[in-house]
Amino acid sequence: MRNPDETTKQSLTLAFIALSFIIYLSIDLFKDFTLKIMENGIEKNSLIFRTKQFIAFDSISSVDRQKTRLRSTRGINISDGYHYSILQLKNGKTLIISPDNFENYTEIIDAIKSRIELMHVA
């Protein structure tokens, strides 16, 4: 027969490991957001916290495009990778927009770039 203190200790250890694993898997959920392209800017809505942030088009200094490659542990390319965009804001912050998160990634980036160009022309 087991010692009750030992059983409690094992149960708490198992619960801690399970909880840590669940938190590790759900961290990306805190980063999930939606984007709504509006006339004068972008509305960013956090899915978990329900917070809204408005980013005016005139506060975007540039839209940079970068590429990531998927590699194995030996450094061998698994795939050709994919492109993602980084909005550089004038206040020094950045917003990463990735095709992993948005099915309409190309349309979003095209809309943002065209609105920024219209702001610079006006």
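Points worth noting:
- Boolean, N101 is in contact (Cβ under 8 Å) with a residue 24 or more places away in the chain, within 23 Å of L118 (Cβ to Cβ) and assigned to a loop (DSSP other than H, G, I, E, B): no
- Of the residues making up the stretch 89-112, those that are more than 22 Å from D32 (Cβ to Cβ) and either at pLDDT below 90 or in contact with a strand residue (DSSP E or B) (Cβ under 6 Å, 6 or more places away or on another chain) (or both) number 1.
- Candidate set from the stretch 50-64 (those that are in contact (Cβ under 8 Å) with a residue 24 or more places away in the chain and of a type outside the set (G, A, S)); member that is nearest to E107 (Cα to Cα): V63
- Number of the exception - E117 against (1) in a helix (DSSP H, G or I); (2) touching a strand residue (DSSP E or B) at 6+ places or on another chain (Cβ under 9 Å): (2)
Listed here are the residues, each with its yes/no results for (1) out of contact with any Ser or Thr (no Cβ under 8 Å at 6 or more places or on another chain); (2) modelled with pLDDT under 85; (3) not basic (K, R); (4) not in a strand (DSSP E or B).
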residue	(1), (2), (3), (4)
S26	yes, yes, yes, yes
L29	yes, yes, yes, yes
I55	yes, no, yes, no
K67	yes, no, no, no
T73	yes, yes, yes, yes
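- Condition check for E103 on (1) surrounded by 15 or more Cβ atoms within 10 Å (Cβ to Cβ); (2) under 26 Å from S26 (Cβ atoms): one failure, at (1).
- Checked against (1) surrounded by 10 or more Cβ atoms within 10 Å (Cβ to Cβ); (2) of a type outside the set (D, E, K, R); (3) more than 16 Å from the chain's Cα centre (by Cα), I86 passes all but a single condition, namely (3).
- Looking across the stretch 23-63 at every residue that is acidic (D, E) and more than 20 Å from E103 (Cβ to Cβ), the one that is surrounded by the fewest Cβ atoms within 10 Å (Cβ to Cβ) is identified as E39.
- Residue count, the stretch 17-49 (criterion: farther than 19 Å from A111 by Cβ and under 15 Å from the mean Cα position of the chain (by Cα)): 12
The values are calculated or read from the model by the stated rules, or taken from the named source; none is laboratory data. All of these numbers come straight from a predicted model, not from anything done at the bench. Reconstructed Cβ throughout: ideal geometry from the backbone, glycine too, with neighbour counts over all protein chains shown.
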